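Student: Let me begin by handing over the structure; questions about it come next.
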Amino acid sequence: MHSNKYTFLYALGVTAVVAVVLALAAAGLRPLQDANEAQAKRIAILQSVIDVNPETAEADYKKYIEEVVVNAAGDVVPGAVAFDLNIKKESKKAPEERLLPIFIYKGEQRTNYIVPLQGNGLWGPISAFLALDQDLNTVYGVVFNHDKETPGLGAEINTDLFEDRYDGKKLFDDSGALQSISVLKGSGHDTSDRPHYVDGLSGATMTSNGVTRMFANELKFYAPYFNKTRS
Amino acid sequence: MSTETAAAPGVKLAEPKEAMFSKKNRRLLTDPFNDTNPITVQILGVCSALAVTTQMKSAFVMALSVTVVVGLSNMTISLIRNSIPSRIRMIIQLTVIAALVVLVDQVLKAFVYDVSRQLSVYIGLIITNCIVMGRLEAFAMANRPWPSLLDGLGNGAGYGLILLVVAFFRELFGSGTLFGFHIIPQAAYDMGYVNNGVMLTSAAAMFIIAIIIWIQRSVNAKLVDVS
């Protein structure tokens, strides 16, 4: 039997060694990981408007995407870089100080406005890139991402099956008020004549509610910019 | 966890000099493929075998990650086995496993980002994979580093083999692809062939593992329960 002192020192020693090894690995691999994350972000942004080939994603992004940062009043903020904005940090600021990134896709035939959204699912953060038509009302496409929603249930939000349900839906009603888009509870609803609702996912009500909340909470900050740009 | 790990007790190697790949050492590598397979015989690590086997690619990366983690943690623990205070030995084992898993996770994020996204939580859950701790307790604590490394790699590979077999059937019949390449020709779909959705659910993995166990036991006489 080892003495108490030995046991304590041993535990401390092991912890110290492990800490140093992990810190070195994290610091050493960070540049590669950051590059991967930036690439994944570019692909996700492009994916909301076109079919992406990962090989050409970086070039396509430079060619087609124009970045804009606006404030909550809907005015463009010069000098801020949309791609590098940390949405999570921004969402903690007072609403009037918040900076909002927008990515504008300028293709040969059409222009789309892509808005990044961030919220919480059941187990962790979820995010989306929502692409709008030039009327800043009709959804052109959406790409969801999640960290740790349940595979087969909540994780279904980033499948084409779910994402395609948003195509053609509307954010604003006829009077011009922001209605956002809500996910219905359960699946099997016919939403063809309900422009502000999409069919839900059975067994993933918490994640679906997270998606609904994310749309409602984040889009209201963008509404002033949408209204200004449209008129 | 420790109650599950008694299935394959380690053999104490007493001889001071032994060839690197002696018969005994080779058996450490090969036994887990059949006689002491972690999934089909020891019934360990079934959770992840259900979760990551819808596609060959994620099953392969998972198998590789587990093999690396079991091999290296077995070796590390074996190196320090005589100095570990017995009262905190499980915590030390867990620390070593957790550190290795975090390392693997970081490396995957840096080099195969999409696969790491796909495996998401399951990489972190290698920490709780009973195979890893089972081998540490049953083998590494009582054997020297080299045999421990072999035992770890063997068990990881035995686990991986089953993962790949299960993933093969699930991906082929569930999605019609293997490693993402289309195998079942479009003509078959045109004639009315439909992918089997059940294969994509975890239940299918359970059936496949059960069938593998059934076949293995009817072929391998050593596994037949005498009682």
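Student: Under the Karplus relation 6.51 cos²θ - 1.76 cosθ + 1.60, θ = phi - 60°, what is the ordered set of whole-Hz ³J(HN,Hα) values for region A:129-143, x standing for Gly and Pro?
Tutor: 10, 9, 9, 10, 5, 5, 6, 6, 9, 7, 6, 8, x, 8, 10
Student: Sum -39500 (n - 2.57) across every DSSP H segment of at least 4 residues in chain B, then divide by the residue count to get the 222 nm mean residue ellipticity, nearest 500. Display every interim value, and only then the final one.
Tutor: Working: 10 runs with 135 residues, N = 227.
The helix contribution divided over chain B gives -19000 deg cm²/dmol.
Student: Same structure, new question: I need the Debye-formula profile for region B:182-221: one equal scatterer per C-alpha, no solvent, reported as log10 I(q)/I(0) at q = 0.17, 0.19, 0.22 1/Å, two decimals.
Tutor: Computed log10 I(q)/I(0) values: -0.65, -0.71, -0.76.
Student: In nm, to one decimal, how far is the B:Ser83 label point from the A:Leu22 one, both placed 7 Å along Cα→Cβ?
Tutor: About 2.0 nm separates the two model spin labels.
Student: Sequence-distant or interchain residues sharing an amide H contact under 5 Å with A:Phe172, placed H: which?
Tutor: A:Gln179
Student: A follow-up question, please. Can you list, largest first and rounded to whole Å, the semi-axes you get for region A:42-134 by taking the square root of 5 times each eigenvalue of its Cα gyration tensor? Mind dumping the intermediate values first?
Tutor: Values: eigenvalues 106, 59, 27 Å².
Its equivalent ellipsoid spans semi-axes of 23, 17, 12 Å.
Student: Helix B:56-79 versus the longest principal axis of chain B: what angle, 0 to 90°, nearest 10, using Cα atoms?
Tutor: Once rounded, one gets 0 degrees.
Student: Return one quarter of the surface area of the convex hull spanned by the alpha-carbon atoms of the protein assembly as shown, equal to its mean projected area, in nm².
Tutor: 29.4 nm²
Student: Based on Cβ point charges of +1 for Lys and Arg and -1 for Asp and Glu, what charge dipole magnitude is obtained for chain B about its Cα centre, in debye rounded to the nearest 20?
Tutor: Around 640 debye, computed over chain B.
Student: Positive end of the dipole of chain B, charges at C-beta (+1 Lys, Arg; -1 Asp, Glu), about the Cα centre: which of B:Phe33, B:Ile92, B:Thr177 has its Cα farthest in that direction?
Tutor: Result: B:Ile92.
Student: May I ask for the angle, rounded to the nearest 10°, between helix B:202-219 and the longest principal axis of chain B, with both axes built from Cα atoms and the value confined to 0 to 90°?
Tutor: 60 degrees
Student: Right, something else. Can you give me the Rg/Rh ratio for chain B, using Cα atoms for both radii and the Kirkwood formula for Rh? Let's see the in-between values first.
Tutor: Values: Rg = 18.9 Å, Rh = 18.5 Å.
Radius of gyration relative to Kirkwood radius: 1.02.
Student: Give the Cα extents of region B:126-227 along the principal axes, in whole Å, largest first.
Tutor: For region B:126-227, the Cα extents along the three principal axes come out at 59, 35, 21 Å.
Student: Would you grab the residues whose amide H sits under 5 Å from the one on A:Phe83? Only those 5+ places off in sequence or on another chain, please, with H modelled 1.01 Å from N.
Tutor: none
Student: I would also like to ask the following. Suppose we take every Cα in chain A and form the convex hull; what volume per residue is that in Å³? Let's see the in-between values first.
Tutor: Numbers: hull volume 43.2 nm³, N = 231.
It comes to 187 Å³ per residue, whole-number rounded.
Student: To continue, here is another question. Lys and Arg at +1, Asp and Glu at -1: add these up for the other residues within a Cβ distance under 15 Å of B:Ala110 and post the number.
Tutor: Values: positive: A:Arg30, B:Lys109, B:Arg117; negative: A:Asp34, A:Glu37, B:Asp105, B:Asp114.
Once positives and negatives cancel, what remains is -1.
Student: Can you list, largest first and rounded to whole Å, the semi-axes you get for region A:1-60 by taking the square root of 5 times each eigenvalue of its Cα gyration tensor? Could the numbers behind the result be given before it?
Tutor: Details: eigenvalues 453, 22, 8 Å².
The three semi-axes for region A:1-60 are 48, 10, 6 Å.
Student: Translational D (Stokes-Einstein, µm²/s) of region A:97-231 at 25 °C and 0.890 mPa s when Rh comes from the Kirkwood sum over C-alpha pairs?
Tutor: 163 µm²/s
Student: Nearest 10 degrees is fine. How inclined is helix A:205-230 to the longest principal axis of chain A, computing both from alpha carbons?
Tutor: The answer is roughly 50 degrees.
Student: For chain A, what is the mean residue ellipticity at 222 nm derived from helices alone (per DSSP H run of n ≥ 4: -39500 (n - 2.57); sum divided by total residues; nearest 500 deg cm²/dmol)?
Tutor: Details: 5 runs with 88 residues, N = 231.
Helices in chain A give a 222 nm mean residue ellipticity of -13000 deg cm²/dmol.
Student: Which percent of Cα pairs goes in each bin when the distances of region A:185-228 are cut into 10 angstrom slices starting at zero?
Tutor: 26, 41, 27, 7
Student: Along region A:167-174, what does the Karplus equation 6.51 cos²θ - 1.76 cosθ + 1.60 (θ = phi - 60°) give for ³J(HN,Hα), rounded to whole Hz, x for Gly and Pro?
Tutor: 4, x, 6, 10, 8, 10, 8, 4
Student: Now, a different point. Using a simple charge model, +1 on the beta-carbon of Lys and Arg, -1 on the beta-carbon of Asp and Glu, nothing else, what dipole does region A:50-178 show about its Cα centre, in debye to the nearest 20? Intermediate results must be reported in sequence, preceding the final value.
Tutor: Values: 13 positive and 23 negative charges, 86 e Å.
So the dipole magnitude of region A:50-178 works out to roughly 420 debye.
Student: Right, something else. Residues with amide H under 5 Å of A:Val142's amide H, sequence separation 5 or more or different chain, H placed in the peptide plane at 1.01 Å from N; which?
Tutor: Here A:Ala131 satisfy the definition.
Student: In which sequence would B:Met56, A:Met1 go, from the one with the fewest C-beta neighbours within 10 Å to the one with the most?
Tutor: Numbers: B:Met56 21, A:Met1 8.
With the sparsest Cβ surroundings first, the list reads A:Met1, B:Met56.
Student: Are there chymotrypsin sites (Phe, Trp or Tyr not before Pro) in region B:164-227 that DSSP marks as loop and that have at most 13 other Cβ atoms within 10 Å, and which are they? Walk me through the intermediate numbers first.
Tutor: Numbers: sites: B:Phe168, B:Phe169, B:Phe173, B:Phe179, B:Phe181, B:Tyr189, B:Tyr193, B:Phe207, B:Trp214; in loops: B:Phe179, B:Tyr193.
Listed in order of number, the matching sites are B:Phe179, B:Tyr193.
Every read-out reported here was derived from the displayed coordinates using simple, explicitly stated rules and does not represent laboratory data. Quantities reported herein were computed from a predicted structural model and do not represent experimental measurements. Here Cβ is always computed from backbone atoms with ideal geometry, including for glycine, and neighbour counts include all displayed protein chains.
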